[in-house]
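K.L.:
This is the structure, below, for whatever I ask next.
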Amino acid sequence: MTLKIYNSKQELADRFADFFFHFSKSKEEVYVSLSGGSTPRVFFESLTERYGSKIDWKKIHFYWGDERCVPPAAEESNYKMTRDFLLSKVDIPDSNIHRIKGENRPDEEAIAYAELLEENLPSKNELPYFDLLILGMGDDGHTASIFPHQIALWESDKYCEVAKHPETGQNRISLTGKVINNAACVVFLVTGQSKAKKLKEIIREEGAYTGYPATLVAPGSGNLIWFLDKEAASQLDSAG
Ligand code: 6PG
């Protein structure tokens, strides 16, 4: 596990854009699973501004680690956020973009997306194999769309599960632990003071850390990198 701590959300975004650019040159074809929420937006803006014309987007294949069960044009859609801040600004073939169809029946889409992963991704350990899998972490320690109240979904033998947001009840489609932990490289992007307590518990294996789905992210490759801003990391360096 590697921790990279930056002074601001913007600096984190810029450094992860640098990381992504170099990562994109490491292979002929690069299979990437994207996260949702607000943090990736700053990264997408930095990536398009600084590397939009330098990356060979034809070799980059985008998937999602989770999606809200809403139409693709809905403000809450992770796909819409990605389209608005990244996909619409770079020369990437539509055929390289594999969104989770939030407009479909959740139970059917969870099956369909699992089949899509099976058909389109390389395989390792007889599982879909991502080169780079990007995650965020919620204030409650959730990751992708596996929330603490449904942490058992992490251990599902399926590649994708239907999850439910604990407050809103919104249906989500999420990758499960077996796919997430099979990735070659897993990167967390975590910013803000609201994440600091959970992050300390997870990194130091203290408190109720076993109840947080983010704790379960442990890729077999050993390649787990936390990109943090100093607010999110503020309790990591406190004595004691
Ligand atoms: C989602 C995300 C979710 C997100 C975390 C962090 O669909 O909301 O996939 O797991 O990464 O909630 O979100 P922020 O980046 O907004 O803090």
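K.L.:
Would you say Q193 is surrounded by fewer than 20 Cβ atoms within 10 Å (Cβ to Cβ) and under 18 Å from A13 (Cα atoms)?
P.N.:
In short, yes.
K.L.:
Also: Residue by residue through the stretch 142-159, note down the ones that are part of a loop (DSSP other than H, G, I, E, B), touching a helix residue (DSSP H, G or I) at 6+ places or on another chain (Cβ under 6 Å) and near the ligand (Cβ under 10 Å from one of its atoms).
P.N.:
H142
K.L.:
Here's something else I'd like to know. Can you name every residue in the stretch 22-45 that is farther than 19 Å from H98 by Cα, under 17 Å from the mean Cα position of the chain (by Cα) and modelled with pLDDT of 95 or more?
P.N.:
Passing the criteria: F23, V42, F43, E45.
K.L.:
Going by what's in this entry, would L224 be described as under 25 Å from R15 (Cβ atoms), in contact (Cβ under 8 Å) with a residue 60 or more places away in the chain and not polar (S, T, N, Q)?
P.N.:
Judged against the criteria, L224 is a match.
K.L.:
Sticking with this structure for a sec: Output the residue which, of all residues in the stretch 120-169 that are surrounded by fewer than 21 Cβ atoms within 10 Å (Cβ to Cβ) and polar (S, T, N, Q), is farthest from P213 (Cα to Cα).
P.N.:
In this case the residue turns out to be N120.
K.L.:
From the list S234, S156, exactly one residue is farther than 26 Å from Q10 by Cα and hydroxyl-bearing (S, T, Y). Which is it?
P.N.:
S156
K.L.:
Still on this structure, I have one more. Going by the conditions given, is G102 of a type in the set (G, A, S), closer than 26 Å to Q10 by Cβ and modelled with pLDDT of 95 or more?
P.N.:
When the stated conditions are applied, G102 does not pass them.
K.L.:
Further, regarding this structure: Consider the stretch 50-93. How many of its residues are under 22 Å from G192 (Cβ atoms), without any contact (Cβ under 8 Å) to a residue 24 or more places away in the chain and more than 13 Å from the ligand (Cβ to nearest atom)?
P.N.:
Selection size over the stretch 50-93: 1.
K.L.:
Any residue at all in the stretch 78-86 that's exposed (fewer than 15 other Cβ atoms within 10 Å of the Cβ), touching a Phe, Trp or Tyr at 6+ places or on another chain (Cβ under 9 Å) and not in a loop (DSSP other than H, G, I, E, B)?
P.N.:
yes
K.L.:
Next question. Can you tell me which residues in the stretch 160-202 are over 18 Å from the mean Cα position of the chain (by Cα) and either part of a helix (DSSP H, G or I) or away from the ligand (no atom under 16 Å from the Cβ) (or both)?
P.N.:
Q193, S194, A196, K197, K200, E201
K.L.:
Can you find a residue that is closer than 19 Å to F227 by Cβ and of a type in the set (A, V, I, L, M) anywhere in the stretch 93-106?
P.N.:
Taking every residue of the stretch 93-106 in turn, none turns out to be closer than 19 Å to F227 by Cβ and of a type in the set (A, V, I, L, M).
K.L.:
For the stretch 36-70, how many residues meet the condition of being closer than 17 Å to H165 by Cα and either among the β-branched types (V, I, T) or in a loop (DSSP other than H, G, I, E, B) (or both)?
P.N.:
Matching residues across the stretch 36-70 total 6.
The values are calculated or read from the model by the stated rules, or taken from the named source; none is laboratory data. On a predicted model such as this, the values are computed, not experimentally measured, just so you know. Because the Cβ atoms are built from the backbone with ideal geometry, glycine has one as well, and the counts that use them run over all protein chains shown.
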